[in-house]
Amino acid sequence: MQDRISPFLITVLAIGIAILYIPILVLIGYSFNASALVSVWGGFSTSWYTQLLHNGQILDAAWLSLRIGVAVSTGSVILGTLAAIALVRFPVFRGRFLLTGMVNAPLVMPEIITGITQLLLFVWMLHVLSWPHRGFTTIVIAHIAFCTAYVTITVQSRLQTADRSLEEAAMDLGSGPVRAFMDTTLPAIVPALASSWLLSFTLSLDDLVISSFVSGPGASTLPMVIFSKVKLGVSPDVNALASLIICLVGVCVLIAGYLMRRTERDRLRDAQLAER
Amino acid sequence: MSDAAADVIDGRNRGVNGRGKARGEWLKRNGKWFIILPPILYLLVFFLIPFAFALMISFADTAVRVPPFTDILSVSPDRHIHLSLNLGNFQYLFTDEVYGLSYVYSLKTAFFSTVICLLLGYPMAYAIARTSKSTQSVLLLVIILPFWTSFLLRVYALEGIIRETGLLNSALLWLGIIHQPLKIMHTTVAVYLGIIYSYLPFMVLPLFATLEKLDYTLREAAADLGSPPWRIFVDVTLPLSMPGIIAGSMLVFIPAIGEFVIPTLLGGPDNLMIGRVLWDEFFGNRDWPVASAVAIAFLVLLVGPIAVYQHYSTKQLEA
């Protein structure tokens, strides 16, 4: 069967992949352009990258985005794992329907609506509770809400396939349920946790719309700075910055993909061992 | 040791054990709430309750203060609670035609981009599903990589291709196909290109998931019974891949309606999509009650497609 893929299908696949990649490759190419005119090739140069290092606004934004990303991915891995355990291990509890809905909704909710509604909450909270001030804290809180959804779904699918016999054995030998889970199942799902951490990090690093709504004066994340620059047109230092971010995200996704594939392989191996 | 002392110690031990057991029982019965409650509470407070807030503010009036809207619930000096609902914001949506036009325009743009994504994504997913397992995982990674790469940066990268002095125009001019650079930036075509380019992976991935599970023996059976290839496709492959088609279409359609970055950066002043109107209402006019009303009305329009998506994606998970 596998040797009969029509030339038509291959052509469309190639065109599709070309559409996805050519703009990114061209962008990376132009980031090494010595000429300040974005349409003229003036020879190879890394000067735009060195200029980035002297741009205080961009460095501040990058540092803010990285701090937000680390806080968000750590928070959402914790909450998302708890949610995944709840959904997989407790088939019946009050609020299960609510939790399922709240985990799935952020995936299909347009960001602009999530952003507006969260901003309204934060404004009211600041008015009544004098907390949180808009900036780092509100962006982290808002990002965790949607990243948790992605973590839950990744970890949930891994937990569903995890072999529970080891955990049951540990409990038969006298471990409490928490201890048994920590000793047996948790190590098995660590790759899934690591890959969802990385994916949350990239989601947080990329977000423009929600951050723009919930952020306050003085707190501009990297995408916000890029957006305001890009609105003015194509510029060579943004090319360099964009290339750097794309490479960072690419590395994160490749590691996450590798970890997930390894988990999948381990699972298949476990399944084969179990059959024997 | 006297008997009395032994009794005391015994009693104390029993007391400790009894209390310990009671605590163990309590933990066993209620311990799961330590796992369930944190995510539920978090998402409730920071995801669901905000929607209630938007609903509330959509019934408020604009006011010159911080936050810029009136309270809809107020307590008068004689301790009566007053509920003042202002339906004016929703009425306003019908009187000012920019809202109706931008809804319709967003729906139209999202619909046609979804159709084009489907026409391009289906053969791609089909081709990937037909390759060997090891090629599949490489190709999937190739599709997933842009899926995670920043939207903003990819839209920006596209601008580098389609602007007047961009790669596309330079190539076409050099080849002599055109003699005047094409004006693509700030037109409707650019918005379509942007959406298709950004959302294509959202279409390919769910399609691949169904096409991969497709039972190819059914196709062989149809071929053995004399069906021509196009009949096999229409009668067997297409109906069986319906869940993937619907899931993929919704994953493109729903976010495309609310798209803000693409019409702002690539579109012109005519490409007034609802996301842009919302943004301007919030940051430009600072009219929060009207913006909340637009958001709530928008959400109501989305409930249908979201329900369809949820229905088919759970079906696909069960399969």
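The criterion of being surrounded by 15 or more Cβ atoms within 10 Å (Cβ to Cβ) and not in a helix (DSSP H, G or I) does not hold for A:S200. The criterion of at least 2 residues that are of a type in the set (G, A, S) is met by the following helices (runs of 4 or more DSSP H) wholly inside region B:218-272: B:242-257. For region B:253-270, give me the residue count where each residue is over 17 Å from B:T114 (Cα atoms) and either surrounded by fewer than 23 Cβ atoms within 10 Å (Cβ to Cβ) or more than 7 Å from chain A (Cβ to nearest Cβ) (or both). Final tally of qualifying residues: 7.
What's the total number of residues in region A:165-202 that are within 14 Å of chain B (Cβ to nearest Cβ) and more than 28 Å from A:L222 (Cβ to Cβ)?
Residues of region A:165-202 within 14 Å of chain B (Cβ to nearest Cβ): A:171, A:174-182, A:185-186, A:195-202.
Now restrict to residues that are more than 28 Å from A:L222 (Cβ to Cβ): A:171, A:174-182, A:185-186.
Qualifying residue count, region A:165-202: 12.
Look at A:V40 and say whether it is under 30 Å from A:E167 (Cα atoms) and of a type in the set (A, V, I, L, M, F, W, C). Give the steps one after another, and end with the answer.
Working: under 30 Å from A:E167 (Cα atoms): no; of a type in the set (A, V, I, L, M, F, W, C): yes.
The answer is no for A:V40.
As a summary of the residue check, A:V26 satisfies the conditions (1) facing chain B (nearest Cβ under 7 Å); (2) over 30 Å from B:Y199 (Cα atoms) except for the one numbered (2). Please tell me if B:V277 is assigned by TED's automatic domain parsing to the domain that holds B:L218, in contact with a Phe, Trp or Tyr (Cβ under 6 Å, 6 or more places away or on another chain) and in contact (Cβ under 8 Å) with a residue 40 or more places away in the chain. Here the answer is no, as B:V277 does not meet what is asked.
To keep it simple, each residue is scored yes or no on (1) aromatic (F, W, Y); (2) in contact with a strand residue (DSSP E or B) (Cβ under 7 Å, 6 or more places away or on another chain); (3) more than 30 Å from A:Y30 (Cα to Cα).
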site	(1), (2), (3)
A:D163	no, no, yes
A:G174	no, no, yes
A:W197	yes, no, yes
A:L205	no, no, no
A:I210	no, no, no
A:A256	no, no, no
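Just one of the listed residues (A:V70, A:V26, A:V12) is surrounded by 13 or more Cβ atoms within 10 Å (Cβ to Cβ), touching a Phe, Trp or Tyr at 6+ places or on another chain (Cβ under 8 Å) and assigned to a helix (DSSP H, G or I), namely A:V70.
Checking each residue in region A:29-47 for being part of a helix (DSSP H, G or I) and within 14 Å of chain B (Cβ to nearest Cβ) picks out A:G29, A:Y30. Looking at A:I153, A:I141, just one residue is facing chain B (nearest Cβ under 7 Å) and either part of a helix (DSSP H, G or I) or over 30 Å from A:M182 (Cβ atoms) (or both), and that residue is A:I141.
When B:N169 is tested against (1) closer than 30 Å to A:S204 by Cβ; (2) at the interface with chain A (Cβ under 10 Å from one of its Cβ atoms), exactly one condition is not met: (1).
Scanning region A:81-110 for residues that are facing chain B (nearest Cβ under 7 Å) and touching a residue at least 60 places away in the same chain (Cβ under 8 Å) yields A:A83, A:I85.
Which residues, counting only those in region B:166-217, are in a loop (DSSP other than H, G, I, E, B) and surrounded by 15 or more Cβ atoms within 10 Å (Cβ to Cβ)? First the steps, then the outcome.
Initially, region B:166-217 is screened for residues in a loop (DSSP other than H, G, I, E, B), giving B:166, B:176-187, B:214-215.
B:G166, B:P181, B:L182, B:I184, B:M185, B:H186, B:T187, B:L214 - these are the residues of region B:166-217 that are in a loop (DSSP other than H, G, I, E, B) and surrounded by 15 or more Cβ atoms within 10 Å (Cβ to Cβ).
Annotation: of all residues in region A:237-275 being surrounded by 15 or more Cβ atoms within 10 Å (Cβ to Cβ) and either among the β-branched types (V, I, T) or not in a helix (DSSP H, G or I) (or both), the one that is farthest from the other protein chains (Cβ to nearest Cβ) is A:T263. Give me the residue from region B:217-252 that is among the hydroxyl-bearing types (S, T, Y) and touching a helix residue (DSSP H, G or I) at 6+ places or on another chain (Cβ under 9 Å) and, out of that set, farthest from B:V115 (Cα to Cα). It comes out as B:S227. Filtering A:T81, A:T46 for residues that are farther than 16 Å from A:D237 by Cβ and modelled with pLDDT of 85 or more leaves a single hit, A:T81.
Taken together, the residues in region A:222-236 that are touching a Phe, Trp or Tyr at 6+ places or on another chain (Cβ under 6 Å) and either free of Cβ contacts under 8 Å to residues at least 40 places away in the same chain or at the interface with another protein chain (Cβ under 8 Å from one of its Cβ atoms) (or both) amount to 1. Screening B:F111 with (1) within 14 Å of another protein chain (Cβ to nearest Cβ); (2) closer than 20 Å to B:A247 by Cα; (3) in contact (Cβ under 8 Å) with a residue 12 or more places away in the chain; (4) not small (G, A, S) gives one miss only, at (1). Residues in region A:120-137 that are part of a helix (DSSP H, G or I) and either facing chain B (nearest Cβ under 7 Å) or farther than 22 Å from B:F151 by Cα (or both): A:L120, A:L121, A:F122, A:V123, A:W124, A:M125, A:L126, A:H127, A:V128, A:L129, A:T137.
What about A:I5, is it farther than 21 Å from B:E164 by Cα, part of a loop (DSSP other than H, G, I, E, B) and either more than 26 Å from the chain's Cα centre (by Cα) or of a type in the set (V, I, T) (or both)? Before the answer, list the steps.
Working: farther than 21 Å from B:E164 by Cα: yes; part of a loop (DSSP other than H, G, I, E, B): yes; either more than 26 Å from the chain's Cα centre (by Cα) or of a type in the set (V, I, T) (or both): yes.
When the stated conditions are applied, A:I5 passes them.
Tell me, which residue of region B:141-160 that is among the aliphatic types (A, V, I, L, M) and crowded, with 20+ Cβ neighbours inside 10 Å is nearest to B:T210 (Cα to Cα)? Even if it seems obvious, please write down each step before you answer.
In the first step, residues of region B:141-160 are kept if they are among the aliphatic types (A, V, I, L, M); the result is B:141-145, B:152-153, B:155, B:157-158.
Checking the rest, the ones that are also crowded, with 20+ Cβ neighbours inside 10 Å come to B:143, B:152-153, B:155, B:157-158.
Values: B:I143: 16, B:L152: 30, B:L153: 30, B:V155: 29, B:A157: 31, B:L158: 30 Å.
Going through the qualifying residues, I end up with B:I143.
Scan region B:124-155 for residues that are without any contact (Cβ under 8 Å) to a residue 40 or more places away in the chain and in a helix (DSSP H, G or I) and the total you get is 13. State whether one or more residues within region A:224-235 are farther than 28 Å from A:Y21 by Cβ and outside any helix (DSSP H, G or I). Looking for residues that are farther than 28 Å from A:Y21 by Cβ and outside any helix (DSSP H, G or I), one finds none in region A:224-235, hence no.
The values are calculated or read from the model by the stated rules, or taken from the named source; none is laboratory data. What you are looking at is a predicted structure, and each value in this text was computed from that prediction instead of being measured. Cβ coordinates were reconstructed from backbone atoms using ideal geometry, including for glycine residues, and neighbour counts include every protein chain displayed.
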